[in-house]
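Remarks on the structure that follows.
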Amino acid sequence: MEVMTEVMAKAINGKEVALRVRGELKAECERLKDEKALTPGLAVVLVGEDHASRVYVRNKTRACEEVGISSFQHILSGEVKQEKLLELVSGLNARDDVHGILVQLPLPGHINAGSVLEAISPEKDVDGFHPFNVGRLVSGSPLFEPCTPRGIMELLDSAAIEISGKDAVVVGRSNIVGKPMAFMLLHRHATVTICHSRTTDLPAKVNSADIVVAAVGRAEFIKGEWIREGAVVVDVGMNRTPEGRLVGDVEFEGASKRASYITTVPGGVGPMTVAMLLKNTVEAAKRSCA
Ligand code: GUN
């Protein structure tokens, strides 16, 4: 008879790591102000009424103020014409006090998101979504790395998790998380599998992984029993159950009994995304006067 020893995974505390990063950035902003009379600036553009987007934008703006980054919010009606939005971006590209530009996604259906992202100057593209920055990331010489996967790499490093030679499974293939995540793990010498909605036998693929990154956007889609014993589990999901509970993409209860390390929802990846946005903005400001 197989005897399972129940070991609780160590939680990777994203809130704590994010606080440390924000403290470092605050000190850096004070230094830039004193030595170079430079205050990093981030413009955040929100189009429409999407509730989750409003909350994200508010959090990003507050976090900026806390570390000493100037934030410029531009909230536009959901009916705004694409040309108006492109004009706004072009104006922000030209401003010396704006070092980073973020257009919150998703955009309303009548707007071509690709054209808007391409209009952002690559040197101010702190999200790393411009095709120039995507190309730089894929070819292994990134300028800006997308915030969520960058935050995940920092979390793995903060827990001293070995990446080189490990089998990593990324579930989800979005441009925001899944695809950049896969390349960042690959550059650190993991063997990477990207899984998605048409992947066959997902449980077996997840079970083969030393590192699982779940970014599908479906509540508790990844079952605890799929996780290999000792695996590292990173949960990018933020989902509300019909009962109003906030849960990730992974069934935490079961997964935490098999994993060696696991991130929580909330308090895992989320705070790191914001911290990396601030970090990218400070780096953009420093490059602007280098
Ligand atoms: N929507 C969800 N995540 C993100 C993000 O990281 N950046 C932007 N701009 N929009 C998002």
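Grab the strands (runs of 3 or more DSSP E) fully contained in segment 68-178, keeping just those with 3 or more residues being of a type in the set (A, V, I, L, M) and in contact with a Leu (Cβ under 8 Å, 6 or more places away or on another chain). Quick ask: steps written out before the conclusion?
Details: elements: 70-76, 100-103, 167-171.
In segment 68-178, the matching strands (runs of 3 or more DSSP E) lie at 100-103, 167-171.
Just one of (1) within 16 Å of the ligand (Cβ to nearest atom); (2) of a type in the set (S, T, N, Q); (3) touching a residue at least 60 places away in the same chain (Cβ under 8 Å) fails for N175. It is (3). The lone criterion from (1) closer than 25 Å to R22 by Cα; (2) of a type in the set (A, V, I, L, M, F, W, C); (3) at pLDDT 95 or above; (4) within 13 Å of the ligand (Cβ to nearest atom) left unmet by L107 is number (1).
Scan segment 246-290 for residues that are of a type outside the set (V, I, T) and over 22 Å from A9 (Cα atoms) and report the count. Talk me through it step by step, then tell me what you get.
Step one: filter segment 246-290 for residues of a type outside the set (V, I, T), giving 246, 248-249, 251-261, 266-268, 270-272, 275-280, 283-290.
Still in the running and over 22 Å from A9 (Cα atoms): 275-280, 283-290.
Final tally of qualifying residues: 14.
Candidates are the residues of segment 93-103 that are buried (at least 20 other Cβ atoms within 10 Å of the Cβ) and either more than 20 Å from K279 (Cβ to Cβ) or in contact (Cβ under 8 Å) with a residue 60 or more places away in the chain (or both); the one that is farthest from the chain's Cα centre (by Cα) is H99.
Quick one: in segment 153-187, which of the residues that are basic (K, R) and farther than 20 Å from G230 by Cα is surrounded by the most Cβ atoms within 10 Å (Cβ to Cβ)? It would help to see each step written out before you state the result.
First pass over segment 153-187, keeping only residues basic (K, R): 166, 173, 179.
Applying the additional criterion that residues be farther than 20 Å from G230 by Cα yields 173, 179.
Numbers: R173: 17, K179: 20.
My answer is K179.
Out of E220, E243, report the one residue that is free of Cβ contacts under 8 Å to residues at least 60 places away in the same chain, more than 16 Å from the ligand (Cβ to nearest atom), part of a loop (DSSP other than H, G, I, E, B) and in contact with an Asp or Glu (Cβ under 7 Å, 6 or more places away or on another chain).
Numbers: E243 fails: in contact with an Asp or Glu (Cβ under 7 Å, 6 or more places away or on another chain).
Answer to the check: E220.
One residue alone among P242, P266 is touching a strand residue (DSSP E or B) at 6+ places or on another chain (Cβ under 8 Å) and surrounded by fewer than 16 Cβ atoms within 10 Å (Cβ to Cβ), and that residue is P266.
Residue count for segment 33-55, restricted to those that are at negative phi and surrounded by fewer than 19 Cβ atoms within 10 Å (Cβ to Cβ): 13. Restricting segment 124-152 to residues that are charged (D, E, K, R) and either crowded, with 19+ Cβ neighbours inside 10 Å or within 12 Å of the ligand (Cβ to nearest atom) (or both), which is nearest to the chain's Cα centre (by Cα)? Here the residue is R150.
The values are calculated or read from the model by the stated rules, or taken from the named source; none is laboratory data. As the structure is a prediction and not an experimental result, all values here were calculated from the model. All Cβ positions, even for glycine, are placed from backbone atoms using ideal geometry, and neighbour counts span all protein chains on display.
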